[in-house]
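Below: the structure, in structure tokens.
The values are calculated or read from the model by the stated rules, or taken from the named source; none is laboratory data. Everything quoted here is computed from the prediction, not taken from an experiment. Here the Cβ positions follow ideal geometry from the backbone for every residue, glycine too, while neighbour counts run over all protein chains shown.
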């Protein structure tokens, strides 16, 4: 089944407003280099509006995403961001359950699950992240860990909504380390995830869900990953901070 690749840039806690604007403008100006791929930029929360305004002014269709949100529509939640606020700023996507949120801030599968449902209800596309640590992989627990994360994070989402979700497989041991899963290792887990989605909904729905790979993706390894049948794009960290690198990865999936 044909799935449009999606390459998203997770800028994490980097850049200032001027650099965020310049990077967004550079990506938008070169959008045509990867016209067959959905491109998404996910800046820090304080720069979402700046990047959104830049993208809107460019006339391009580069998507805007946030790196996190709360599952509440509003209220007394100091320091948090509500889904309707992201929509109000023009966001199309939101990253949920990134390993840094899970390990540094204690987010659980159930927390990711309620956030994913809230994102969908608000009209946002959740990019739901899953992945194992090095210790878990070396212990032969990759399948068990990823299975629990997928089932827990996506539990109870109706089939019609599940096919809107983007899943990102990010082996924790490959994030920011320079290490990358081999294409065969990545494909094996992506195929596992697609099989789990088929059980949660149906093979037809699973065939429409896009599954990204993340973890030290760079222009020089993206092409090998892109050749795998179940890898539908990339969630890019450090390499998304340079337009040349980000677009080089996107071209590999075009």
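Here is the figure for region 22-44: residues that are crowded, with 18+ Cβ neighbours inside 10 Å and assigned to a helix (DSSP H, G or I) total 6.
Of the residues making up region 207-232, those that are under 17 Å from the mean Cα position of the chain (by Cα) and under 15 Å from residue 166 (Cα atoms) are 208, 209, 210, 211, 212, 213, 214, 230, 231, 232.
Of all residue pairs spaced 6 or more apart or on separate chains, those with beta-carbon atoms under 8 Å, a first member in region 140-161 that is assigned to a helix (DSSP H, G or I) and a second member that is exposed (fewer than 15 other Cβ atoms within 10 Å of the Cβ) and at pLDDT 95 or above are 152/108; 152/110; 159/202. Within region 192-203, none of the residues are over 17 Å from the mean Cα position of the chain (by Cα), under 18 Å from residue 34 (Cα atoms) and either at pLDDT 95 or above or surrounded by fewer than 18 Cβ atoms within 10 Å (Cβ to Cβ) (or both).
When region 162-184 is examined, which residues are found to be outside any loop (DSSP other than H, G, I, E, B) and either modelled with pLDDT under 95 or touching a helix residue (DSSP H, G or I) at 6+ places or on another chain (Cβ under 7 Å) (or both)? Of everything in region 162-184, those that are outside any loop (DSSP other than H, G, I, E, B) and either modelled with pLDDT under 95 or touching a helix residue (DSSP H, G or I) at 6+ places or on another chain (Cβ under 7 Å) (or both) turn out to be 162, 167, 169, 172, 173, 174, 183. Remark: pairs (first residue in region 164-192, at negative phi and free of Cβ contacts under 8 Å to residues at least 24 places away in the same chain; second residue part of a helix (DSSP H, G or I) and surrounded by fewer than 17 Cβ atoms within 10 Å (Cβ to Cβ); Cβ separation under 9 Å; 6+ apart in sequence or on different chains) = 182/224; 188/143.
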